[in-house]
1. Return the residues of region 495-520 that are farther than 24 Å from Asp286 by Cβ and of a type outside the set (A, V, I, L, M); say none if nothing qualifies.
2. Test Gly326 against the stated conditions and say whether it is open to solvent by less than 10 Å² (accessible area, probe 1.4 Å) and modelled with pLDDT under 95.
3. How many of the residues making up region 262-314 are touching a Cys at 6+ places or on another chain (Cβ under 9 Å) and open to solvent by less than 10 Å² (accessible area, probe 1.4 Å)?
4. Can you pull out every residue in region 288-323 that is part of a helix (DSSP H, G or I) and either touching a strand residue (DSSP E or B) at 6+ places or on another chain (Cβ under 8 Å) or closer than 14 Å to Lys161 by Cβ (or both)?
5. Go through the residues of region 425-438 one by one and say whether even a single one is touching a Phe, Trp or Tyr at 6+ places or on another chain (Cβ under 7 Å) and open to solvent by less than 10 Å² (accessible area, probe 1.4 Å).
6. Would you point out the residue of region 373-382, among those that are in contact with a Pro (Cβ under 9 Å, 6 or more places away or on another chain) and more than 12 Å from Leu455 (Cα to Cα), that is surrounded by the most Cβ atoms within 10 Å (Cβ to Cβ)?
7. Which residues, counting only those in region 254-273, are in a strand (DSSP E or B) and either touching a helix residue (DSSP H, G or I) at 6+ places or on another chain (Cβ under 6 Å) or at pLDDT below 95 (or both)?
Amino acid sequence: MSDQKKFDYIIAGGGLAGSVLARRLADKYPSSSVLVIEAGGRPEGHPLIGPPMACFATHFSELDWAYFSVPQKHWVESQLSSGGDGGSAVNYGLWTRGPACEYDQWAELAGDDSWSWNGLLPYFIKGETFIPGSEPHNPRLHGTSGPITAVGVTASHPDRKYPLREGFAALLGKAGYQPNPDGNSGSVVGFSERCESWKDGRRQPASVAYGIADCKNVTILTTTLVHKVLFEGTTAIGVETSAGVFHASKEVIVSGGSYRSPQILMLSGVGPASTLNKHGIPVVLDAPDVGSHLHDHLALPLYWKLKKQGTAMGDATLGGPAYKVGLPGDWLAFSHDPAVPEAAKAEGADAQTVKHLSHPERCHTELFTSYAAAGPGARKYKTDGATATSMILSMTPTSRGTVSIASTDPTAKPVIDPNYYATETDRIAIRNTVRKTLESTLDTDEGRRIVEEELTEHKGTSDAAIDARVFEWGATFYHPAGTCSMGKVVDGQCRVKGLNNLRVVDASIIPLPLGAHYQATVYALAEKAADAF
């Protein structure tokens, strides 16, 4: 066998998690060889990978795999974007961790206390260089020398001062949200200043931030698709790719993301036996949970016509350099709704689910306002200097979906069924936050000073009117996870249960929905996984 085809470690996926693993393995074992195989291209120099506001143009670009869901029973078909270099090449840059109580539940589901909040906190700290905005810096919670710079809005540029900052803070207060000095402390209830992963107003792709191209013992193959993992019995020995076969003397790590990782496993003979048999794939391991338990954050935008021109993006008023270093907004707000666990109990959820949904630090929805037309409705409501968008996210969905394969063709897109908005619990969470937001914005003096009207054809706060908004403009916020869940598919060291020398390390192992935008979590889980080798 050619030495060019044999490596100690092979990482299938050069995105966020794969880049972290490559760097840490290269540093930890300098005499070992690491191969990173990435289906996309290199991020350096691409015009859409850099300026924060360019992220919206990545949809349906060459950076976007343009996955779509199957038609939904309770909603509509959805675009489910995925980009090269994982989410770090195309994401919206929000840097959030989520509530500590959810990581403690993760540890319960994994049967491994090291995945608790206290267990993961050192890895959150390790991965970041934190530059606080309005909140104080706490070295017990935040890092100062990690590869990823995370910066508060007010610290990002001295002239980045949005005219609606205080007005929307007042609206959040009217809606019942209390100020939270640090939304990344493990307690997210209330509203906090946004923290973003832009460094000097530029994107930080994971492969660049971690410098994997500088590692002499790392080989990077781009525009190369992994077809499947190869086995001898139940031991992973390499991968078959569009560029040929490569062998691993130590381990294969699948880091393809929540849609591609289960697809790769199934094409390799690891997955539900019924699915594998249907497509004539020899069964290496009957693993019924591969591709199951998909969860994602459904987002509903509410569009506002503002009273004053120039208070939002779209004209020269907010056109200077200070407003190009991040996305237009100031706050993230999270709320706990006692009606959510009550609804889950009424729908027959198990006692543990109801218990965890009832935790007072568990936040069922997120609300944030962008001073621009954003989301699917931006095709209709323009960024004209007087349009804003309030985005409401379902952060603890009880709906679960699946990822499967359409054929044995590795170039075929995975079959994705998120099963959005399938439970009354999820509908109640969205409806209640929509009502609270509409009332505080349209029915208070504070709101009327800022907003002229809601831009919608579905006026009112009835269930039907809110659901009509969801059916028209609801969309994924691109946080899929759970399809190779820890505790079911992988163990606490990310090893695939029942197999040897094979791990999965990416968002697909996250076993429950987290009240966070997942990039900070995936950096931390990959840092932690690297310590297990």
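The values are calculated or read from the model by the stated rules, or taken from the named source; none is laboratory data. Fair warning: this is a prediction, and the values are worked out from it, not measured in the lab. Heads up, the Cβs are rebuilt from the backbone with ideal geometry, glycines too, and the neighbour counts pull from every protein chain shown. The accessibility values were calculated without ligands, DNA or RNA, using every heavy atom of the protein model including side chains. Shrake-Rupley method; radii C 1.70, N 1.55, O 1.52, S 1.80 Å.
1. Result: Pro513, Gly515, His517, Tyr518, Gln519.
2. yes
3. Qualifying residue count, region 262-314: 4.
4. Selection gives Thr317, Leu318, Pro321, Ala322, Tyr323.
5. No, every residue in region 425-438 fails to be touching a Phe, Trp or Tyr at 6+ places or on another chain (Cβ under 7 Å) and open to solvent by less than 10 Å² (accessible area, probe 1.4 Å).
6. Ala374
7. Within region 254-273, Val254, Gly271 meet the criteria.
Matching residues to (1) in contact (Cβ under 8 Å) with a residue 60 or more places away in the chain; (2) closer than 25 Å to Ser134 by Cβ; (3) under 25 Å from the mean Cα position of the chain (by Cα):
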{"position": "Tyr177", "(1), (2), (3)": "yes, yes, yes"}
{"position": "Asn184", "(1), (2), (3)": "yes, yes, yes"}
{"position": "Phe191", "(1), (2), (3)": "yes, yes, yes"}
{"position": "Ser197", "(1), (2), (3)": "yes, yes, yes"}
{"position": "Gly201", "(1), (2), (3)": "yes, yes, yes"}
{"position": "Ala206", "(1), (2), (3)": "yes, no, yes"}
{"position": "Asp214", "(1), (2), (3)": "no, no, no"}
{"position": "Glu240", "(1), (2), (3)": "no, no, no"}
{"position": "Phe246", "(1), (2), (3)": "yes, no, no"}
